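The values are calculated or read from the model by the stated rules, or taken from the named source; none is laboratory data. This one's a predicted model, so the numbers in the text were calculated from it and none came from an experiment. Glycine also receives a Cβ, built like all others from the backbone with ideal geometry; neighbour counts cover every protein chain displayed.
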Amino acid sequence: MQLIPWNAKQIAAAGLYTGVPLAVYHSQDILPGPSVSSSNLRRVLEINGGSPAHMFADWSGNPKQLDQKDTEAFTLGRAAHHLILGQEDFDKLFALRPPEFDSYRTKAAQQWRDNAKALGYTLLTDKDLDLVKGMTLALAANPLIVPPRGHGLLNGHIEVSGFWRDAETGLWVKMRPDAIPTDSGDYADLKTMPSVQYVDIARSITDFAYHQQASLVLEGSEIVGGFEASSFSLVCVEKEPPHCVQIVQLSDKALQIGHDLNHKALRIIAGCLRDKRWPGPGDGHIFTTNLTERYEKFADAAIAAG
């Protein structure tokens, strides 16, 4: 596996690159042609609650791209990723709200918030930081993540970006895994969740199409990493105390479905770029729908009762 230091110029050759800022990674300037990441491949599919229209609205290749507003959950997850994975420059990316401001109701607090945002900081509260610390301690107590000896599941090369060109569509594809394993073919990705009960994890996997994200990383590892990964696990930790941890490994069938959906998505995006048209869900079709079975039962009873 060869890691290539980024030279701050446009990347023209497939490979694994270090030093690419996250904002540059997501932009269209980094590569010589249209590029898509896992989030785009998931967003374009109706099965995931999206469509080409939804994907194009969010895509950096859209001149009228919608502003991406951070939700509280996204901010907390990003901060947790940064600290737990040992990424650098935390204090250059995140700003802690001063203790004298218990909210942003006052003009002084609002001015501090606006200045911090103008400088590019993501804002955190004391509660956010306590939750991140709690998640970090819970993960550190798991021997699969921080073993007494050797490397844990989340160890490896971090902040590495992979780029390659899809052979079928010609689109550039991007990946940025949490960590690229150095001593095995076992990938792991950190996920912060409200609950790590099995049924809730299963629901999150399908809701956010994590199997597509995992499959893209495994495919990229083979194409630009030069090795065939053997597994992909999700390291799930609860956002709120007691910050329980659950590790689940995606099955071969889930990964194959993810692979097939990714390539379906690539074909859809390539077609939209060719036709210069980004349809919404069900575009050009009229569907016949029924009432819910439960409503029909109550309606039949109401009609029968006169």
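For every residue, the table says whether it meets (1) touching a strand residue (DSSP E or B) at 6+ places or on another chain (Cβ under 6 Å); (2) acidic (Asp, Glu); (3) not in a loop (DSSP other than H, G, I, E, B).
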residue: 7; (1), (2), (3): no, no, no
residue: 16; (1), (2), (3): yes, no, yes
residue: 20; (1), (2), (3): yes, no, no
residue: 25; (1), (2), (3): yes, no, yes
residue: 41; (1), (2), (3): no, no, yes
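Identify all residues within the stretch 232-252 that are touching a residue at least 12 places away in the same chain (Cβ under 8 Å) and outside any strand (DSSP E or B); write none if there are none.
Selection gives 239, 240, 241, 242, 243, 244, 250.
Of the numbered criteria (1) modelled with pLDDT under 95; (2) of a type in the set (Gly, Ala, Ser); (3) part of a helix (DSSP H, G or I), the one residue 265 fails is (1).
Just one of the numbered conditions (1) part of a helix (DSSP H, G or I); (2) surrounded by 12 or more Cβ atoms within 10 Å (Cβ to Cβ); (3) at pLDDT below 95 is not true of residue 296: (2).
A residue that is in a strand (DSSP E or B), polar (S, T, N, Q) and closer than 29 Å to residue 2 by Cα occurs somewhere in the stretch 221-231.
Pairs linking a residue in the stretch 73-93 that is under 15 Å from residue 193 (Cα atoms) and surrounded by fewer than 16 Cβ atoms within 10 Å (Cβ to Cβ) to a residue that is at pLDDT 70 or above and not polar (S, T, N, Q), with Cβ atoms under 8 Å and 6 or more positions apart or on different chains, are 73/239. Of all residues in the stretch 268-293, those that are closer than 20 Å to residue 38 by Cα and either in a helix (DSSP H, G or I) or in contact with a Lys or Arg (Cβ under 6 Å, 6 or more places away or on another chain) (or both) total 6.
The set of residues in the stretch 184-220 that are modelled with pLDDT of 90 or more, part of a loop (DSSP other than H, G, I, E, B) and surrounded by fewer than 18 Cβ atoms within 10 Å (Cβ to Cβ) comprises 194, 195, 197.
Looking across the stretch 129-183 at every residue that is part of a loop (DSSP other than H, G, I, E, B) and touching a Phe, Trp or Tyr at 6+ places or on another chain (Cβ under 7 Å), the one that is surrounded by the most Cβ atoms within 10 Å (Cβ to Cβ) is identified as 177. What are the residue pairs meeting all of these: first residue in the stretch 124-146, first residue free of Cβ contacts under 8 Å to residues at least 24 places away in the same chain, second residue of a type in the set (Gly, Ala, Ser) and in a helix (DSSP H, G or I), Cβ atoms under 8 Å, and 6 or more apart or on different chains? That search, which allows pairs on different chains as well, returns 146/140.
Out of contact with any His (no Cβ under 6 Å at 6 or more places or on another chain), more than 28 Å from residue 235 (Cβ to Cβ) and basic (Lys, Arg), is that true of residue 78?
When the stated conditions are applied, residue 78 does not pass them.
Are any residues in the stretch 1-18 within 15 Å of residue 174 (Cβ to Cβ) and surrounded by 13 or more Cβ atoms within 10 Å (Cβ to Cβ), and if so, which ones? Lay out the reasoning, then the answer.
Looking only at the stretch 1-18, we keep the residues that are within 15 Å of residue 174 (Cβ to Cβ), and these are 4, 6, 10-18.
Correct list: 4, 6, 11, 14, 15, 16, 17, 18.
Considering 93, 83, the condition of being touching a His at 6+ places or on another chain (Cβ under 8 Å) and modelled with pLDDT under 95 is satisfied by 93 alone.
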